[in-house]
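Engineer: The structure that follows is given in the form of structure tokens.
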Amino acid sequence: MNVNYEKLDNVNGVVTVSIEEKDYADKVSKQLKEIGKKHAEPGFRPGKVPAALIAKKYGTAVKYDIINKEVADAVFNYIKENNLHVLGQPVPQSDNSFNIENSEFTFKFNVGLAPEIDNHVNKELHVPYYTITVTDEMVNEQIEGLRQRFGRQEAGEETEANAVIKGNITELNEDGSVKEGGVVVENGIIAPIHFKNEDQKKLFENKKVGDVVVFNPAATCDSNAVEMSSMLNIDKEDVDSHKGDFNFEIKEIIVLKPAELNQEFFDNAVGKDKAHNEEEFRAAIKELIGLNFENDSNYRFTIDAKEAVEKAVGALELPESMLKDFLVRQNEGLNAENVDEEFNKMRGQLEWDLVRDNIAEKFEVKVNEEDVLDEARGVVARQLMQYGPAALTDQIIDKYAHEVAKDKKNHDMLFQNALTRKVFEVIKENVSLDNKEVSVEEFRQLFAPAAEA
């Protein structure tokens with residue numbers, strides 16, 4: 001067997017495979033013998049069928065399959081051994097003749113080559129890197145939120161914004177009198193802070209135990225059947241019959257007292273022994289906020305870095321004719337009339353994938369199974385966040401990450417994501433960063449449409 005390669009231009013070539021009878025005869029003979037061992041024919045048991053009969057019945061099909069396999073293997077082995085960066089798959093030329101009665105054959109395959117790329121990832125390439133300024137106001141808001149989170153509930157004398165109020169709820173007539181046979185809820189519970197109507201919230205401001213407030217449950221929740229059913233202890237189907245006013249006789253007020261700025265609170269909020277006084281605590285909170293912003297900054301960097309690299313590289317020369325032919329062969333809905341439109345849609349992503357792979361090769365970026373699992377862990381953690389902190393244990397995340405990564409389709413996607421992430425990491429290490437401090441508002445404006453920017 002003889003395999004030759006001819007480079008037609010920068011991105012196109014032809015692989016020619018010539019195959020003689022000696023290259024495939026033994027394999028055809030061996031395959032026919034295997035068939036003879038297993039197949040029965042009229043008048044003959046398996047293994048007793050004359051070789052001539054087997055050859056006559058199956059010889060052409062076996063020869064065809066063997067030659068096809070030998071030629072395909074020869075093409076792909078040549079590509080691999082000679083490190084040809086082929087795009088898509090080799091496409092057989094339309095004028096390939098294949099008369100199965102012949103003993104010698106020649107096949108030609110068009111191949112599209114990846115263009116030579118200078119990715120320009122070096123210190124001469126400048127990419128902006130935005131750091132979001134952490135203000136004292138942000139720190140104060142975060143601390144207040146944590147004080148609420150780690151605070152404690154206790155009985156209060158007067159309602160506050162975050163108070164939970166317990167009491168008796170009684171349905172009224174339109175004239176304000178108690179409705180005979182109406183809804184009565186003893187030990188009802190409400191939290192005005194969650195009311196959707198501001199006027200209804202104000203009705204419960206500065207109230208004390210023993211006060212009676214006339215309010216409208218339907219107005220507090222925009223007549224949401226689920227919320228009204230829960231508040232009034234009635235079936236959802238019945239809520240439309242109870243959209244009038246109700247008395248709320250306050251029996252108990254429970255307020256949330258924010259946590260005090262002490263060691264117990266510091267340990268709960270930022271970790272044991274990470275802060276020992278208010279100054280250290282504020283510094284720890286500022287660092288945490290900064291770390292969260294760092295994720296946003298890195299995401300923005302991927303956008304700017306991709307844009308900068310693509311601009312430096314410029315448009316790539318691609319084997320368009322071969323790629324379009326390949327697309328038509330792979331997709332039933334494509335033909336000569338519509339393939340140009342589809343190719344133009346995918347061209348941008350194809351060019352970036354080539355640049356990304358070129359960077360990965362230049363800087364020897366490797367993706368291993370642990371990288372794939374890290375990507376899977378991130379996916380699982382984001383999905384489990386809806387179930388609260390109890391679901392976010394390392395053991396649970398790791399278990400489901402392995403399950404996700406087992407699926408080949410998922411594994412391929414996770415591999416590509418890991419490769420992209422690591423490529424941006426090496427870009428960040430090897431270009432010149434133009435560091436810019438911005439406010440949150442300025443950072444958000446970076447993502448605004450061009451017309452608004």
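The values are calculated or read from the model by the stated rules, or taken from the named source; none is laboratory data. Because the structure is a prediction, the values reported are computed rather than measured. Note that each Cβ is placed from the backbone with ideal geometry, even for glycine, and that neighbours are counted across all protein chains shown. Calculation scope for accessible area: heavy atoms of the full protein, side chains included, ligands and nucleic acids excluded. Shrake-Rupley method; radii C 1.70, N 1.55, O 1.52, S 1.80 Å.
Engineer: For segment 402-453, state which chymotrypsin sites (Phe, Trp or Tyr not before Pro) are in a DSSP loop and have at most 16 other beta carbons lying within 10 Å of their beta carbon.
Structural biologist: Phe447
Engineer: Measuring from label point to label point, each 7 Å out along Cα→Cβ, what is the Lys311 to Asn331 span in nm?
Structural biologist: 3.0
Engineer: Can you give me the Kirkwood hydrodynamic radius for segment 210-366, using every pair of distinct Cα atoms, in Å to one decimal?
Structural biologist: Radius from the Kirkwood sum: 23.9 Å.
Engineer: Return the long-range amide H neighbours of Thr131 (sequence gap of 5 or more, or a different chain), with a cut-off of under 5 Å between placed amide H atoms.
Structural biologist: Under 5 Å from the amide H of Thr131 lie the amide H atoms of Lys436, Glu437, Val438, each far enough along the sequence or on another chain.
Engineer: Taking θ = phi - 60°, what integer Hz values does the Karplus form 6.51 cos²θ - 1.76 cosθ + 1.60 yield along segment 218-223, in sequence order, with x for Gly and Pro?
Structural biologist: Each residue of segment 218-223 in turn: 4, 5, 5, 9, 6, 6 Hz.
Engineer: Give me the number: length gained by fully extending Glu370 to Glu437, i.e. 0.36 nm times residue separation minus the C-alpha to C-alpha distance, one decimal in nm.
Structural biologist: 20.7 nm
Engineer: Of the heavy-atom accessible surface of segment 209-292 (probe 1.4 angstrom), what whole percent is carbon and sulfur?
Structural biologist: Ligands and nucleic acids excluded, carbon and sulfur reach 43 percent.
Engineer: Identify the trypsin sites (Lys or Arg not before Pro) of segment 243-301 meeting these criteria: DSSP loop state and at most 10 other C-beta atoms within 10 Å of the C-beta.
Structural biologist: Lys272
Engineer: Now a separate question. Starting from the Cα of Ser321, step 7 Å toward the Cβ, then list every residue of segment 113-130 with an amide N under 14 Å from that point.
Structural biologist: The answer is 113.
Engineer: Between helix 394-406 and the chain, what is the angle of the helix's C-alpha long axis to the longest principal axis, kept within 0 to 90° and rounded to the nearest 10?
Structural biologist: That works out to roughly 30 degrees.
Engineer: What is the distance, in nm, between label points placed 7 Å from the Cα along the Cα-to-Cβ direction at Ser229 and at Glu81?
Structural biologist: With each label placed 7 Å out from Cα toward Cβ, I get 7.2 nm.
Engineer: Something else about it: Would you please give the residues with an amide H less than 5 Å from that of Asn224, counting only those at least 5 places away or on a separate chain, with H modeled from the backbone geometry?
Structural biologist: Counting only residues 5 or more places away or on other chains, the set is empty.
Engineer: Work out the FRET efficiency for Lys37 and Asn68 from their Cβ-Cβ distance, taking R0 = 30 Å, and round it to the nearest 0.05.
Structural biologist: So the FRET efficiency works out to roughly 0.80.
Engineer: Moving on. How tilted is helix 136-149 with respect to the longest principal axis of the chain? Cα atoms for both, answer in degrees (0 to 90, nearest 10).
Structural biologist: The helix 136-149 is inclined about 80 degrees to the chain.
Engineer: Here's another thing I want to ask about it. Modelled label-to-label distance, Arg45 and Asn99, 7 Å Cα→beta-carbon offset: nm?
Structural biologist: 4.4
Engineer: Taking θ = phi - 60°, what integer Hz values does the Karplus form 6.51 cos²θ - 1.76 cosθ + 1.60 yield along segment 244-255, in sequence order, with x for Gly and Pro?
Structural biologist: So the J values, rounded to whole Hz, are x, 7, 9, 7, 10, 8, 6, 9, 7, 10, 10, 10.
Engineer: Here's another thing I want to ask about it. Considering only the other residues whose Cβ falls under 11 Å of the Cβ of Ala336, what net charge follows from Lys and Arg at +1 and Asp and Glu at -1?
Structural biologist: Around Ala336, the charge tally is -2.
Engineer: Checking the table Lys30/Lys63; Lys27/Lys56; Lys345/Lys422; Lys123/Lys345; Lys179/Lys236; Lys306/Lys422 against a 23 Å threshold on Cα-Cα, which pairs fail?
Structural biologist: Long pairs (Cα-Cα over 23 Å): Lys345/Lys422; Lys123/Lys345.
Engineer: Further question on the same structure: In whole Hz, what ³J(HN,Hα) sequence does segment 5-18 give by Karplus (6.51, -1.76, 1.60; θ = phi - 60°), x for Gly and Pro?
Structural biologist: For segment 5-18, the Karplus-derived couplings read 10, 10, 8, 7, 7, 4, 10, 9, x, 10, 9, 10, 10, 10 Hz, x marking Gly and Pro.
Engineer: Measure nothing but the geometry: give the 0 to 90° angle between the long axis through the Cα atoms of 21-38 and the longest principal axis through the Cα atoms of the chain, rounded to 10°.
Structural biologist: Once rounded, the angle reads 70 degrees.
Engineer: Measuring from the lowest to the highest alpha carbon on each principal axis, how far does segment 274-356 reach, largest first, in angstroms?
Structural biologist: 72, 30, 15
Engineer: Report the trypsin sites (Lys or Arg not before Pro) located in segment 1-108 that are in a DSSP loop and have at most 11 other Cβ atoms inside 10 Å of their Cβ, or state none.
Structural biologist: The qualifying sites are Lys48.
Engineer: What is the Å³ per residue value for the convex hull set by the Cα atoms of the chain?
Structural biologist: Taking only Cα atoms, the chain has a hull volume of 312 Å³ per residue.
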